[in-house]
Structures are given as C-alpha cells and as structure tokens.
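Working notes, structure below.
The values are calculated or read from the model by the stated rules, or taken from the named source; none is laboratory data. Given the structure is predicted, the values throughout are model-derived calculations rather than measurements. Cβ coordinates were reconstructed from backbone atoms using ideal geometry, including for glycine residues, and neighbour counts include every protein chain displayed. Please note that ligands, DNA and RNA were not included when accessible areas were found on the heavy atoms of the full protein model with its side chains. Shrake-Rupley method; radii C 1.70, N 1.55, O 1.52, S 1.80 Å.
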Amino acid sequence: MACLQHPDRDQPVFLMAHHTIGRRQGATDTRITLPEISGIHAAIQWTGSHWVIRDLSRNGTWVNGQQLIPAKNQQLNLGDKISFGRSNNPVWKVENLNPPENLLIDINTGEAQPLESYHLLPDEHEPLASLHFNPINGVWVFELLEGPENGETARVVTHKSRVDCAHNSWELFLGNSQSTTTELSTQNLCVSDFRLRFTVSHHEEHIQLQLTQGDMTLDLAARTHNYLLLYLARARAKDIQRGVNPADQGWVAIDLATRELGITVNHLNTQIFRARKQIADSLPDAIDTSHLVERRAYEMRLGCSHLDVFKGSQKEIVESSTEAVTEL
C-alpha cells in the first residue's frame with residue numbers, strides 16, 4: 001500500500017488514490033499546520049500506472065531538494081524525500097508506491113490489512129460481522145452476522161469510520177477511489193436477477209452451480225458452501241410450489257438449518273461469506289451479491305427465486321414466475 005513516512009511519527013501515512021496535503025482542516029487528507037503551508041498545498045495522485053505529485057501552493061514543494069514547477073505533475077520514486085513550504089522543512093519519505101488499496105487499520109496497533117470485497121470480522125475463523133462493498137449504490141456496509149430480534153444488523157460506513165467487533169477496533173481507510181467510485185454496471189444487476197442451476201451428483205457429494213442472466217453465463221466449481229445454497233434453494237422451491245407469497249418464501253430458522261446441515265453458526269456464516277466471495281470474484285461486472293442469502297431475525301433464505309436443480313441429467317425442480325414447481 002502506497003505510503004509516506006511521517007517525519008514525526010512512527011506510523012506511515014497511507015495514500016488515497018487522490019491525496020491532498022495542506023493546512024485547511026476538513027479539506028485535505030493530510031494536514032500540516034505550519035504557517036507557510038497553503039490551504040491545499042500539494043496533491044499526490046495515482047494515474048493507473050504510477051504516482052505523481054503536483055505543487056498547488058504559494059511557497060513551494062521540494063522533492064530531493066529540487067523545487068517543483070507549480071501545477072506540473074512529477075513522477076514519484078521510491079525513497080524520494082519531500083518537503084512542503086520550505087526546502088529545509090521536515091522531510092516526508094516515500095516508503096511504498098504500490099497501487100492504492102482499501103484497508104482496515106487497527107486503532108490500537110496501527111497494523112493495516114487489505115480490505116476484501118467481502119471481509120469477515122474479526123476474522124474468517126470466528127466471524128461475528130462482515131464488511132462488504134455494494135457495487136450498485138457504491139457504499140460499504142458493516143453487517144452483524146447475528147443480531148437481536150427485529151434489530152438493525154447493517155449500516156453504511158464511510159472513509160475513516162470506526163468499526164468495532166468483539167474486542168477489536170479498526171479505522172476504515174478507503175484509499176482506492178477507483179473501486180469505490182467505479183463506473184457501475186449499466187444494468188445495475190443484483191445476484192437475485194440471475195437464474196441459479198444446481199447440478200448435483202447422485203449421492204450429493206459434488207454440487208456445481210451455474211448462474212445465467214441474459215447472454216451471461218457463469219460456471220462455478222463445486223465447493224462445500226454450494227450444499228448450503230442447495231438446501232436453501234430447495235426450501236424456497238417448496239414454498240413456490242405451495243403458492244406462498246414471494247416475500248415469505250424460503251425462510252428457514254438458522255438453528256434448524258445448522259442442525260440439519262450438521263454445522264455451527266460460525267461455519268454457516270463462513271460458508272455464506274465464501275459463497276458471496278466466489279460469485280463476486282467470478283462476475284465480470286460490478287454486481288451486488290449481498291442478497292445471495294437474505295436474513296431476518298434468526299432466519300435466512302436464498303435471495304434468488306429463479307431456480308433449477310438437476311440430479312445428474314434429470315431435472316429435480318422446475319420453477320418459473322408463472323408456473324408451479326413440479327417434482328420429477
């Protein structure tokens with residue numbers, strides 16, 4: 001992760017994709033309070049292939065002792081030493097020039113970890129909450145994987161938000177503006193817009209999943225979490241067959257699901273995370289996968305209602321918006 005070494009602190013200053021430095025509070029990403037520093041003094045920016053610095057001040061910016069030409073980009077190199085306002089002011093050293101990243105920064109230790117599109121907290125082994133990016137509306141969501149009955153479990157978080165989970169606290173650092181403001185898919189698709197086709201081996205040891213929407217087809221390799229999705233798909237299909245209202249279809253008590261699947265709640269949460277991540281990583285466009293599995297108080301369901309299940313080559317479930325499910 002690209003960063004500068006602060007002249008007076010041990011912790012690095014991580015760089016946003018477009019990072020401003022200056023004296024004006026609330027208007028810059030890094031604030032320097034010296035009187036010779038302009039309100040917005042300089043900008044450091046990721047071009048897509050390298051980092052550049054640009055002087056925007058009245059009193060100048062120096063790189064390795066050479067004053068920058070005002071408003072002209074200069075490429076940064078590893079180890080460059082930067083001074084703002086005066087050539088003999090404290091030096092900021094370029095420590096890392098990797099592309100910008102989204103990070104979780106531990107508030108107590110300062111340790112930074114890359115933030116994935118779906119990120120379990122405090123870790124993947126003992127998940128209590130998740131952070132995920134919703135590409136349709138371009139926001140990050142913090143969601144408790146278990147919450148009080150009828151309580152809110154999800155909230156939008158932004159750059160520099162504090163995230164608390166168990167005994168850990170992090171600051172959310174959204175340095176990669178290209179991912180947070182990326183051009184969203186013009187179709188604004190959600191995973192619930194796709195038809196899910198499950199292909200199940202005879203003894204159900206292997207379950208492959210295919211997603212289709214229009215001319216888009218995505219084949220996913222067999223994974224353990226596919227059995228959880230199949231379990232929820234069958235529950236929803238039964239309700240469709242019975243003519244249950246769509247809002248009430250497929251809801252399964254979490255404690256019942258864990259007993260019938262022989263897994264713990266933590267394992268179930270991890271499987272949901274892995275299923276979302278596998279699909280999100282495989283899709284060519286920014287498509288929201290947060291509704292793959294929906295939750296309400298102590299219940300969950302598959303968020304997709306367009307389903308096919310094949311046992312070998314024989315179709316087990318047929319479903320459409322106008323036809324009842326038929327068992328073959």
For the subset of region 28-61 comprising residues that are closer than 20 Å to residue 79 by Cβ and of a type in the set (S, T, N, Q), which member is surrounded by the fewest Cβ atoms within 10 Å (Cβ to Cβ)? 49
Given the conditions (1) surrounded by fewer than 19 Cβ atoms within 10 Å (Cβ to Cβ); (2) among the polar types (S, T, N, Q); (3) more than 20 Å from residue 198 (Cβ to Cβ), report the number of the one that residue 314 does not fulfil. (3)
For region 90-123, which residues satisfy the criterion of being over 16 Å from residue 169 (Cα atoms) and open to solvent by 20 Å² or more (accessible area, probe 1.4 Å)? 90, 91, 93, 95, 96, 97, 98, 99, 101, 116, 117
Cβ-Cβ below 6 Å, separation at least six or inter-chain, first residue in region 47-60 and charged (D, E, K, R), second at pLDDT 95 or above: which pairs? 54/43; 54/73; 55/42; 55/61; 55/68; 55/70; 58/38
Which residues, counting only those in region 116-148, are part of a loop (DSSP other than H, G, I, E, B), out of contact with any Phe, Trp or Tyr (no Cβ under 8 Å at 6 or more places or on another chain) and under 11 Å from residue 270 (Cα atoms)? 123, 125, 126, 128, 145
Could you grab the pairs with beta carbons closer than 8 Å, sequence gap of 6+ or different chains, first residue in region 155-172 and within 17 Å of residue 127 (Cβ to Cβ), second one of a type in the set (Ser, Thr, Tyr) and surrounded by fewer than 15 Cβ atoms within 10 Å (Cβ to Cβ)? 163/169
On the basis of being over 18 Å from residue 173 (Cβ atoms), touching an Asp or Glu at 6+ places or on another chain (Cβ under 6 Å) and either of a type outside the set (A, V, I, L, M) or in a loop (DSSP other than H, G, I, E, B) (or both), does residue 70 make the cut? yes
Wholly within region 224-315, helices (runs of 4 or more DSSP H) carrying at least 2 residues that are at pLDDT below 90: 265-282
Given the criterion under 23 Å from residue 111 (Cα atoms) and touching a Ser or Thr at 6+ places or on another chain (Cβ under 9 Å), identify the matching residue among 56, 68, 4, 78. 4
Could you run through region 74-109 and say how many residues are in contact (Cβ under 8 Å) with a residue 24 or more places away in the chain, more than 30 Å from residue 123 (Cβ to Cβ) and assigned to a loop (DSSP other than H, G, I, E, B)? 7
So residue 320 passes all but one of these: (1) assigned to a helix (DSSP H, G or I); (2) at pLDDT below 90. Which condition number does it fail? (1)
